[in-house]
Amino acid sequence: MSQETESHLVSLCQQVLDSIHTQDWETYASLCHPTLSAFEPEGRGHLIEGLPFHKFYFELESNGRAVRSTISSPKVRMLGDDAAVVTYTRLTQRVQADGSVPTGVAEETRIWQKIDGEWRHVHFHRSIPGA
Ligand code: GLY
């Protein structure tokens, strides 16, 4: 598979992260398959299936403070032509109420599947190192 495809898949992951921070549900939902499954700290060890769990966070009122996630050291493993595993470290800079800007770190694995010619996000797993 081409370097172009791998770069595109990393770019799709960045679009997912950006849509979360801007609370852009339309973009997030367009990138994800409706049956998206996920393990993330918010699920407290339970497999989350579907989009409603994630949508809840998009509907919260924004505190207006700047936040940005950077994808560090991405690796793409193609599983044939129609599926891929993207792994990376996510660095999140988030302005706090006191003005400090700590950087959060998370390990993320996102699985993409080409469905009807479009890459759709079908599973992810986020862990906090040392947690
Ligand atoms: N919590 C939603 C996501 O990371 O895709």
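Brief remarks follow.
- Candidate set: the range 82-131, residues that are among the small types (Gly, Ala, Ser) and part of a loop (DSSP other than H, G, I, E, B); chosen: the one farthest from the ligand (Cβ to nearest atom): 99
- Qualifying residue in the range 2-11 (condition: among the aliphatic types (A, V, I, L, M) and away from the ligand (no atom under 12 Å from the Cβ)): yes
- Restricting attention to the range 26-40 and to residues that are out of contact with any Leu (no Cβ under 7 Å at 6 or more places or on another chain) and open to solvent by 60 Å² or more (accessible area, probe 1.4 Å), the residue that is farthest from residue 88 (Cα to Cα) turns out to be 26.
- Residue match in the range 56-69 (condition: assigned to a helix (DSSP H, G or I), in contact with a strand residue (DSSP E or B) (Cβ under 7 Å, 6 or more places away or on another chain) and modelled with pLDDT of 95 or more): no
- When the range 1-22 is filtered for residues that are surrounded by fewer than 14 Cβ atoms within 10 Å (Cβ to Cβ) and not aliphatic (A, V, I, L, M), the ones remaining, listed by number, are 2, 3, 4, 7, 11, 22.
- Residues in the range 97-114 that are open to solvent by 60 Å² or more (accessible area, probe 1.4 Å) and either over 14 Å from the mean Cα position of the chain (by Cα) or aromatic (Phe, Trp, Tyr) (or both): 97, 98, 101, 102, 103, 113, 114.
- Any hit, the range 44-66, residues being open to solvent by less than 50 Å² (accessible area, probe 1.4 Å) and within 22 Å of residue 7 (Cα to Cα): no
The values are calculated or read from the model by the stated rules, or taken from the named source; none is laboratory data. Given the structure is predicted, the values throughout are model-derived calculations rather than measurements. Here the Cβ is made from the backbone with ideal geometry for all residues, glycine too, and neighbour counts use every protein chain on show. In case anyone asks, the SASA skips ligands and DNA or RNA and just uses the protein heavy atoms, side chains included. Shrake-Rupley method; radii C 1.70, N 1.55, O 1.52, S 1.80 Å.
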